[in-house]
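The values are calculated or read from the model by the stated rules, or taken from the named source; none is laboratory data. What you see is a predicted model, and the numbers here were worked out from it, not measured in a lab. Side chains included, ligands, DNA and RNA excluded: accessible areas come from the protein's heavy atoms. Shrake-Rupley method; radii C 1.70, N 1.55, O 1.52, S 1.80 Å.
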Amino acid sequence: MKKIAYLFSIAALALTLGACTDEEPKFNPAPAVEELPVFFSFENATEIEIFENTTDIEVPVYRKSAEGALSVPVTATVTPDADGYTFPGTVEFADGETKATYTVDLDMTKIKGRVDYKMTLTVGDGVETPYYTDKITYTLNYSPWVLVTGTDKDGNEVTKALYCDDIIAPAYGLDPVEYEVEMQANPENTNIIRLVDPYGEAWPYLPAGAYDDSEHHYMYFNITNPNEVFLCDENGVALGTGGTDFMYHTGLTLDAYGEIMITTYYNYYVANGRTPDADANGTLKQGNLTFGVDKMLFSFASDTSLYYGNRSGKFRVIWPGAEPYVDPMTIWNPIGTGQFTDGILFPLAVMEDDNEELPTYGVEVMQFAGDPAMYRIMNPWKAGVCPYGVDYSGDKYIELD
(Lines give C-alpha, C1' and ligand atoms only; values in the text may rest on other atoms or scores of the structure.)
Protein backbone atom coordinates (compact mmCIF):
# COMPACT_ATOMS: atom_id res chain seq x y z
CA MET A 1 0.00 0.00 0.00
CA LYS A 2 2.82 2.38 0.80
CA LYS A 3 4.29 1.70 -2.62
CA ILE A 4 0.97 2.39 -4.36
CA ALA A 5 0.55 5.63 -2.40
CA TYR A 6 4.05 6.70 -3.44
CA LEU A 7 3.27 6.08 -7.11
CA PHE A 8 0.08 8.11 -6.87
CA SER A 9 2.05 10.99 -5.38
CA ILE A 10 4.50 10.96 -8.30
CA ALA A 11 1.64 10.93 -10.81
CA ALA A 12 -0.09 13.82 -9.12
CA LEU A 13 3.13 15.89 -9.21
CA ALA A 14 3.55 15.18 -12.92
CA LEU A 15 0.01 16.29 -13.64
CA THR A 16 0.56 19.45 -11.65
CA LEU A 17 3.78 20.36 -13.53
CA GLY A 18 2.17 19.63 -16.87
CA ALA A 19 -0.79 21.81 -16.12
CA CYS A 20 1.49 24.83 -15.52
CA THR A 21 2.52 24.98 -19.17
CA ASP A 22 -1.08 25.29 -20.29
CA GLU A 23 -2.16 28.24 -18.10
CA GLU A 24 -2.31 31.77 -19.53
CA PRO A 25 0.34 34.13 -17.97
CA LYS A 26 -1.08 36.58 -15.51
CA PHE A 27 -0.59 40.29 -16.48
CA ASN A 28 -1.07 43.12 -14.04
CA PRO A 29 -1.22 46.36 -16.06
CA ALA A 30 0.40 49.50 -14.62
CA PRO A 31 -1.93 52.30 -13.61
CA ALA A 32 -2.89 54.52 -16.52
CA VAL A 33 -0.70 57.60 -16.90
CA GLU A 34 -2.64 60.69 -16.03
CA GLU A 35 -3.27 62.84 -19.05
CA LEU A 36 -2.58 66.50 -18.37
CA PRO A 37 -4.49 69.14 -20.32
CA VAL A 38 -1.44 71.50 -20.41
CA PHE A 39 2.11 70.35 -19.74
CA PHE A 40 5.88 70.64 -20.24
CA SER A 41 7.89 67.86 -21.90
CA PHE A 42 10.84 66.12 -20.28
CA GLU A 43 12.35 65.79 -23.75
CA ASN A 44 13.32 69.48 -23.66
CA ALA A 45 16.65 70.38 -22.04
CA THR A 46 16.35 71.87 -18.57
CA GLU A 47 19.90 73.31 -18.41
CA ILE A 48 20.18 76.62 -20.27
CA GLU A 49 23.30 78.70 -20.95
CA ILE A 50 22.65 82.44 -21.02
CA PHE A 51 25.04 85.15 -22.18
CA GLU A 52 25.44 88.89 -21.82
CA ASN A 53 23.53 89.45 -25.06
CA THR A 54 20.67 87.07 -24.18
CA THR A 55 17.41 89.00 -24.14
CA ASP A 56 14.89 86.24 -23.42
CA ILE A 57 14.28 82.54 -22.85
CA GLU A 58 11.64 80.67 -24.84
CA VAL A 59 10.01 77.73 -23.07
CA PRO A 60 7.80 75.34 -25.09
CA VAL A 61 4.44 74.48 -23.50
CA TYR A 62 2.07 71.81 -24.83
CA ARG A 63 -1.62 70.89 -24.53
CA LYS A 64 -3.62 67.78 -25.31
CA SER A 65 -6.43 69.35 -27.32
CA ALA A 66 -5.88 71.77 -30.19
CA GLU A 67 -9.45 72.98 -30.11
CA GLY A 68 -9.99 76.71 -29.58
CA ALA A 69 -7.70 79.48 -28.36
CA LEU A 70 -6.63 78.99 -24.76
CA SER A 71 -5.05 81.23 -22.14
CA VAL A 72 -3.38 79.33 -19.27
CA PRO A 73 -2.12 80.96 -16.05
CA VAL A 74 1.58 80.43 -15.32
CA THR A 75 3.15 80.59 -11.88
CA ALA A 76 6.89 81.40 -11.94
CA THR A 77 9.58 81.50 -9.24
CA VAL A 78 13.35 82.04 -9.37
CA THR A 79 16.01 81.33 -6.77
CA PRO A 80 18.17 82.84 -5.37
CA ASP A 81 16.35 85.98 -6.62
CA ALA A 82 14.23 87.10 -9.56
CA ASP A 83 15.98 90.42 -10.21
CA GLY A 84 16.35 90.77 -13.99
CA TYR A 85 13.55 88.32 -14.86
CA THR A 86 10.15 89.34 -16.24
CA PHE A 87 7.43 86.66 -16.39
CA PRO A 88 4.15 86.91 -18.31
CA GLY A 89 1.15 85.83 -16.26
CA THR A 90 -0.18 83.45 -18.91
CA VAL A 91 0.82 81.33 -21.88
CA GLU A 92 -1.36 81.68 -24.98
CA PHE A 93 -2.37 78.83 -27.31
CA ALA A 94 -3.71 79.70 -30.74
CA ASP A 95 -6.72 77.85 -32.10
CA GLY A 96 -5.62 74.62 -33.78
CA GLU A 97 -2.21 74.58 -32.05
CA THR A 98 -1.01 72.11 -29.40
CA LYS A 99 2.25 73.95 -28.77
CA ALA A 100 2.84 77.50 -27.49
CA THR A 101 5.91 79.48 -26.43
CA TYR A 102 6.21 81.06 -23.01
CA THR A 103 8.80 83.87 -23.21
CA VAL A 104 10.75 85.05 -20.17
CA ASP A 105 12.42 88.45 -20.69
CA LEU A 106 15.90 88.94 -19.23
CA ASP A 107 17.80 92.07 -18.20
CA MET A 108 21.41 90.84 -18.20
CA THR A 109 22.63 93.98 -16.45
CA LYS A 110 20.88 92.72 -13.30
CA ILE A 111 21.64 89.01 -13.54
CA LYS A 112 24.71 87.86 -11.63
CA GLY A 113 27.46 85.82 -13.22
CA ARG A 114 28.43 82.32 -12.08
CA VAL A 115 25.21 81.83 -10.13
CA ASP A 116 23.00 78.80 -10.82
CA TYR A 117 19.52 80.26 -11.05
CA LYS A 118 16.63 77.82 -10.59
CA MET A 119 13.57 78.93 -12.56
CA THR A 120 10.39 76.96 -11.82
CA LEU A 121 7.28 77.25 -14.01
CA THR A 122 3.90 75.75 -13.17
CA VAL A 123 0.77 75.47 -15.36
CA GLY A 124 -1.26 73.16 -13.10
CA ASP A 125 -1.19 71.38 -9.76
CA GLY A 126 2.35 70.05 -9.93
CA VAL A 127 1.47 66.64 -11.38
CA GLU A 128 4.42 64.68 -12.80
CA THR A 129 4.34 61.59 -15.03
CA PRO A 130 7.20 59.62 -16.63
CA TYR A 131 6.72 61.61 -19.84
CA TYR A 132 5.50 65.08 -18.98
CA THR A 133 4.73 67.40 -16.12
CA ASP A 134 2.82 70.59 -15.41
CA LYS A 135 5.65 71.87 -13.20
CA ILE A 136 9.25 72.11 -14.37
CA THR A 137 12.51 73.64 -13.12
CA TYR A 138 15.22 75.05 -15.39
CA THR A 139 18.83 75.70 -14.32
CA LEU A 140 20.20 78.88 -15.90
CA ASN A 141 23.97 79.25 -16.14
CA TYR A 142 25.58 82.61 -16.85
CA SER A 143 29.39 82.79 -17.16
CA PRO A 144 30.45 86.29 -18.24
CA TRP A 145 33.68 86.78 -20.14
CA VAL A 146 36.73 87.63 -18.04
CA LEU A 147 38.71 90.86 -18.39
CA VAL A 148 42.29 90.14 -19.50
CA THR A 149 44.84 92.09 -17.47
CA GLY A 150 48.61 92.09 -17.22
CA THR A 151 51.57 93.64 -15.46
CA ASP A 152 54.06 95.91 -17.21
CA LYS A 153 57.84 95.87 -16.75
CA ASP A 154 57.52 98.34 -13.87
CA GLY A 155 55.07 96.13 -11.98
CA ASN A 156 51.96 98.20 -12.77
CA GLU A 157 48.65 96.52 -13.57
CA VAL A 158 47.52 97.04 -17.17
CA THR A 159 43.83 96.59 -18.01
CA LYS A 160 43.82 97.40 -21.73
CA ALA A 161 45.36 95.84 -24.82
CA LEU A 162 46.92 97.87 -27.63
CA TYR A 163 45.36 97.60 -31.08
CA CYS A 164 47.07 98.98 -34.18
CA ASP A 165 44.69 99.62 -37.06
CA ASP A 166 46.46 99.10 -40.37
CA ILE A 167 43.25 98.12 -42.15
CA ILE A 168 40.53 100.77 -42.15
CA ALA A 169 42.56 103.91 -41.41
CA PRO A 170 44.95 103.55 -44.41
CA ALA A 171 42.01 102.72 -46.68
CA TYR A 172 40.79 106.28 -46.08
CA GLY A 173 44.20 107.92 -46.45
CA LEU A 174 44.88 108.01 -42.69
CA ASP A 175 48.00 106.85 -40.90
CA PRO A 176 47.95 103.48 -39.12
CA VAL A 177 47.11 104.20 -35.50
CA GLU A 178 47.61 102.37 -32.22
CA TYR A 179 45.17 102.74 -29.31
CA GLU A 180 43.82 100.98 -26.24
CA VAL A 181 40.96 98.45 -26.35
CA GLU A 182 39.45 96.12 -23.78
CA MET A 183 40.32 92.43 -24.11
CA GLN A 184 38.26 89.61 -22.60
CA ALA A 185 38.70 85.83 -22.40
CA ASN A 186 36.11 83.07 -22.67
CA PRO A 187 35.55 81.78 -19.09
CA GLU A 188 35.35 78.18 -20.31
CA ASN A 189 38.30 78.38 -22.72
CA THR A 190 40.85 81.17 -22.26
CA ASN A 191 42.30 80.41 -25.70
CA ILE A 192 39.30 82.25 -27.14
CA ILE A 193 39.70 85.99 -26.67
CA ARG A 194 37.74 88.97 -27.90
CA LEU A 195 38.33 92.69 -28.33
CA VAL A 196 35.45 94.91 -27.25
CA ASP A 197 34.35 97.35 -29.98
CA PRO A 198 37.80 98.02 -31.52
CA TYR A 199 36.21 100.41 -34.04
CA GLY A 200 33.86 102.08 -31.57
CA GLU A 201 34.66 105.03 -29.31
CA ALA A 202 38.24 103.79 -28.91
CA TRP A 203 39.06 104.37 -32.61
CA PRO A 204 40.86 107.75 -32.72
CA TYR A 205 39.41 108.68 -36.14
CA LEU A 206 35.74 107.95 -35.28
CA PRO A 207 33.35 110.59 -36.71
CA ALA A 208 30.19 111.38 -34.79
CA GLY A 209 27.35 108.96 -35.56
CA ALA A 210 29.49 106.57 -37.61
CA TYR A 211 29.34 103.65 -35.16
CA ASP A 212 26.43 101.35 -34.38
CA ASP A 213 26.45 101.37 -30.58
CA SER A 214 23.11 99.55 -30.24
CA GLU A 215 25.13 96.40 -29.52
CA HIS A 216 28.72 95.32 -28.96
CA HIS A 217 30.80 94.35 -31.98
CA TYR A 218 33.24 91.83 -30.56
CA MET A 219 36.30 90.78 -32.55
CA TYR A 220 37.05 87.13 -31.61
CA PHE A 221 40.37 85.31 -32.06
CA ASN A 222 41.23 81.65 -31.47
CA ILE A 223 44.79 81.52 -30.06
CA THR A 224 44.87 77.79 -29.20
CA ASN A 225 47.84 77.38 -31.55
CA PRO A 226 50.01 80.54 -31.31
CA ASN A 227 51.34 79.84 -34.78
CA GLU A 228 47.86 79.53 -36.29
CA VAL A 229 45.64 82.31 -34.97
CA PHE A 230 42.39 83.12 -36.80
CA LEU A 231 39.15 85.05 -36.50
CA CYS A 232 36.43 82.97 -34.86
CA ASP A 233 33.02 83.08 -33.20
CA GLU A 234 32.38 83.07 -29.45
CA ASN A 235 32.88 79.29 -29.38
CA GLY A 236 36.25 79.37 -31.13
CA VAL A 237 34.99 78.10 -34.51
CA ALA A 238 36.73 79.80 -37.44
CA LEU A 239 34.57 82.34 -39.26
CA GLY A 240 33.54 80.84 -42.60
CA THR A 241 33.25 77.27 -41.28
CA GLY A 242 30.36 75.34 -42.80
CA GLY A 243 29.22 78.22 -44.97
CA THR A 244 28.95 80.73 -42.11
CA ASP A 245 29.81 84.40 -42.56
CA PHE A 246 33.59 84.76 -42.77
CA MET A 247 33.60 88.50 -42.05
CA TYR A 248 33.92 90.36 -38.75
CA HIS A 249 31.30 93.11 -38.75
CA THR A 250 32.95 96.21 -37.28
CA GLY A 251 29.81 98.30 -36.71
CA LEU A 252 31.60 101.21 -38.45
CA THR A 253 30.07 103.00 -41.46
CA LEU A 254 32.05 105.83 -43.04
CA ASP A 255 30.32 106.30 -46.39
CA ALA A 256 27.55 105.11 -48.69
CA TYR A 257 29.20 101.71 -49.11
CA GLY A 258 27.83 100.70 -45.72
CA GLU A 259 29.28 98.87 -42.76
CA ILE A 260 32.96 97.95 -43.03
CA MET A 261 33.79 94.28 -42.52
CA ILE A 262 37.16 92.63 -41.89
CA THR A 263 38.50 89.11 -42.43
CA THR A 264 41.79 87.29 -42.94
CA TYR A 265 43.10 85.10 -45.73
CA TYR A 266 42.83 82.16 -43.32
CA ASN A 267 39.08 82.67 -42.92
CA TYR A 268 38.68 83.35 -46.64
CA TYR A 269 40.23 79.95 -47.41
CA VAL A 270 38.05 78.22 -44.79
CA ALA A 271 34.91 79.78 -46.28
CA ASN A 272 35.90 78.50 -49.72
CA GLY A 273 36.65 74.97 -48.56
CA ARG A 274 40.40 75.32 -49.04
CA THR A 275 43.26 74.47 -46.71
CA PRO A 276 44.77 77.79 -45.57
CA ASP A 277 48.31 78.57 -46.69
CA ALA A 278 50.95 78.48 -43.98
CA ASP A 279 51.24 82.29 -43.94
CA ALA A 280 47.50 83.02 -44.08
CA ASN A 281 47.01 82.96 -40.31
CA GLY A 282 48.18 85.19 -37.50
CA THR A 283 51.06 84.55 -35.09
CA LEU A 284 51.16 85.22 -31.35
CA LYS A 285 54.63 85.79 -29.89
CA GLN A 286 55.38 87.22 -26.48
CA GLY A 287 51.93 88.77 -26.22
CA ASN A 288 51.99 90.27 -29.72
CA LEU A 289 49.48 89.12 -32.33
CA THR A 290 50.47 89.94 -35.91
CA PHE A 291 49.45 89.03 -39.46
CA GLY A 292 51.53 89.16 -42.61
CA VAL A 293 51.46 92.01 -45.12
CA ASP A 294 48.25 91.87 -47.20
CA LYS A 295 47.01 88.84 -45.22
CA MET A 296 44.04 90.77 -43.86
CA LEU A 297 41.11 91.85 -46.03
CA PHE A 298 38.17 94.20 -45.77
CA SER A 299 34.90 94.76 -47.56
CA PHE A 300 31.65 96.70 -47.29
CA ALA A 301 28.03 95.78 -46.72
CA SER A 302 27.02 97.00 -50.21
CA ASP A 303 30.21 95.94 -52.01
CA THR A 304 31.19 92.28 -52.10
CA SER A 305 34.69 93.00 -53.40
CA LEU A 306 37.59 92.23 -51.09
CA TYR A 307 40.39 94.75 -50.55
CA TYR A 308 43.84 94.28 -49.05
CA GLY A 309 44.39 95.35 -45.47
CA ASN A 310 47.55 95.47 -43.35
CA ARG A 311 49.45 96.75 -46.36
CA SER A 312 52.34 98.06 -44.28
CA GLY A 313 52.33 95.08 -41.91
CA LYS A 314 51.69 97.26 -38.86
CA PHE A 315 48.50 95.56 -37.68
CA ARG A 316 49.02 94.06 -34.25
CA VAL A 317 47.34 93.41 -30.93
CA ILE A 318 49.55 93.68 -27.84
CA TRP A 319 48.29 91.89 -24.73
CA PRO A 320 47.88 93.98 -21.56
CA GLY A 321 51.30 94.43 -19.94
CA ALA A 322 53.28 92.94 -22.84
CA GLU A 323 56.09 94.82 -24.55
CA PRO A 324 56.12 95.38 -28.32
CA TYR A 325 57.82 92.37 -29.85
CA VAL A 326 60.50 92.85 -32.46
CA ASP A 327 61.78 89.85 -34.39
CA PRO A 328 65.49 89.49 -33.53
CA MET A 329 66.12 88.57 -37.15
CA THR A 330 65.37 92.19 -38.03
CA ILE A 331 67.42 93.90 -35.30
CA TRP A 332 70.88 95.44 -35.67
CA ASN A 333 72.27 96.81 -32.42
CA PRO A 334 74.91 99.57 -32.27
CA ILE A 335 78.02 98.38 -30.41
CA GLY A 336 80.19 101.47 -30.64
CA THR A 337 82.61 103.35 -32.90
CA GLY A 338 85.36 101.63 -34.85
CA GLN A 339 88.28 102.94 -36.86
CA PHE A 340 87.82 102.64 -40.61
CA THR A 341 90.76 102.89 -43.01
CA ASP A 342 89.47 103.68 -46.48
CA GLY A 343 91.28 101.49 -48.97
CA ILE A 344 88.33 101.46 -51.34
CA LEU A 345 86.97 104.86 -52.37
CA PHE A 346 89.99 106.97 -51.47
CA PRO A 347 92.45 105.22 -53.86
CA LEU A 348 89.88 105.25 -56.67
CA ALA A 349 88.53 108.80 -56.48
CA VAL A 350 90.60 110.94 -54.16
CA MET A 351 94.23 109.78 -54.00
CA GLU A 352 96.62 111.83 -56.15
CA ASP A 353 99.91 110.24 -55.09
CA ASP A 354 100.45 106.51 -54.82
CA ASN A 355 102.52 107.08 -51.71
CA GLU A 356 99.75 109.05 -50.02
CA GLU A 357 98.66 107.60 -46.69
CA LEU A 358 95.17 106.10 -46.55
CA PRO A 359 92.86 108.07 -44.29
CA THR A 360 91.45 106.51 -41.06
CA TYR A 361 88.38 107.84 -39.27
CA GLY A 362 85.64 106.77 -36.88
CA VAL A 363 82.49 104.94 -38.08
CA GLU A 364 79.51 103.42 -36.28
CA VAL A 365 79.52 99.61 -36.05
CA MET A 366 76.36 97.51 -35.61
CA GLN A 367 75.93 93.83 -34.73
CA PHE A 368 73.11 91.54 -35.96
CA ALA A 369 70.93 90.18 -33.14
CA GLY A 370 70.13 87.09 -35.19
CA ASP A 371 73.82 86.23 -35.71
CA PRO A 372 76.46 87.84 -33.47
CA ALA A 373 79.15 87.09 -36.08
CA MET A 374 77.58 89.57 -38.54
CA TYR A 375 78.48 93.30 -38.48
CA ARG A 376 77.69 96.45 -40.42
CA ILE A 377 80.01 99.41 -40.95
CA MET A 378 77.53 102.26 -41.14
CA ASN A 379 77.78 105.11 -43.68
CA PRO A 380 81.57 104.98 -44.20
CA TRP A 381 81.43 107.57 -47.01
CA LYS A 382 78.66 109.84 -45.79
CA ALA A 383 79.27 113.56 -45.27
CA GLY A 384 79.96 114.19 -41.63
CA VAL A 385 81.54 110.76 -41.21
CA CYS A 386 84.06 110.67 -44.05
CA PRO A 387 86.25 113.79 -44.59
CA TYR A 388 85.44 113.69 -48.32
CA GLY A 389 81.99 112.09 -48.02
CA VAL A 390 78.82 112.95 -49.89
CA ASP A 391 75.44 113.80 -48.41
CA TYR A 392 72.52 111.40 -48.87
CA SER A 393 69.39 110.31 -46.99
CA GLY A 394 69.00 107.06 -45.16
CA ASP A 395 71.78 104.63 -44.30
CA LYS A 396 74.29 102.76 -46.41
CA TYR A 397 76.62 100.16 -44.99
CA ILE A 398 79.23 97.49 -45.60
CA GLU A 399 78.09 94.13 -44.21
CA LEU A 400 80.66 91.69 -42.84
CA ASP A 401 80.10 88.04 -41.97
J(HN,Hα) series, segment 167-184, from Karplus relation 6.51 cos²θ - 1.76 cosθ + 1.60, nearest Hz, glycine and proline x = 10, 7, 4, x, 5, 10, x, 9, 6, x, 9, 10, 7, 7, 9, 7, 10, 10
Find the accessible area per residue for the chain; the probe is 1.4 Å, ligands and nucleic acids are left out, and the unit is Å².
-> 58 Å²
Return the sequence-ordered ³J(HN,Hα) values of segment 41-48 in whole Hz as given by the Karplus equation 6.51 cos²θ - 1.76 cosθ + 1.60 applied to θ = phi - 60°, using x for Gly and Pro.
-> 9, 6, 6, 7, 4, 10, 10, 10
With every protein chain present, what accessible area does Asp95 have (1.4 Å probe, heavy atoms only), rounded to the nearest 10 Å²?
-> 110 Å²
Note on the chain: contact order normalised by length, alpha-carbon pairs under 8 Å, 6 or more apart, percent, works out to 10 percent
For segment 80-96 versus segment 347-401, the gap between their alpha-carbon centres in whole angstrom | 83 Å
Computed over all unlike Cα pairs, the Kirkwood hydrodynamic radius of segment 294-385 in Å stands at 18.2 Å
Please report the relative contact order for segment 203-360, taking Cα pairs under 8 Å with a sequence separation of at least 6, and give it as a percent rounded to a whole number.
-> 15 percent
Using the structure shown, select from Lys285/Lys314; Lys112/Lys153; Lys153/Lys295; Lys160/Lys285 the pairs with a Cα to Cα distance greater than 23 angstrom.
-> Lys112/Lys153; Lys153/Lys295
Whole-percent carbon and sulfur contribution to the accessible surface of the chain (1.4 Å, no ligands, DNA or RNA) stands at 51 percent
What does the helix-only formula give at 222 nm for the chain: each DSSP H stretch with n ≥ 4 adding -39500 (n - 2.57), the total divided by the residues, and the result rounded to the nearest 500 deg cm²/dmol?
-> -2000 deg cm²/dmol
Proximal aspartates and glutamates to Lys64, defined as alpha-carbon separation beneath 20 angstrom and excluding residues fewer than eight positions away on the same chain | Glu34, Glu35, Glu43, Glu92, Asp95, Glu97, Asp125, Glu128, Asp134
Quarter of the surface of the C-alpha convex hull for the chain, i.e. direction-averaged projected area in nm², equals 45.0 nm²
Measuring from centroid to centroid over Cα atoms, what is the spacing of segment 126-171 and segment 42-59 in Å?
-> 16 Å
Can you give the extra length, in nm with one decimal, that the chain gains between Ala349 and Ser214 once fully stretched, where that is 0.36 nm per residue apart less the Cα-Cα distance?
-> 41.5 nm
Compute the separation of the alpha-carbon centres of segment 176-250 and segment 279-328 and state it in Å as a whole number.
-> 12 Å
Residue by residue through segment 357-373, the couplings from Karplus 6.51 cos²θ - 1.76 cosθ + 1.60 with θ = phi - 60°, in Hz, x for Gly and Pro, are 6, 5, x, 10, 8, x, 9, 6, 10, 10, 10, 7, 5, x, 7, x, 8
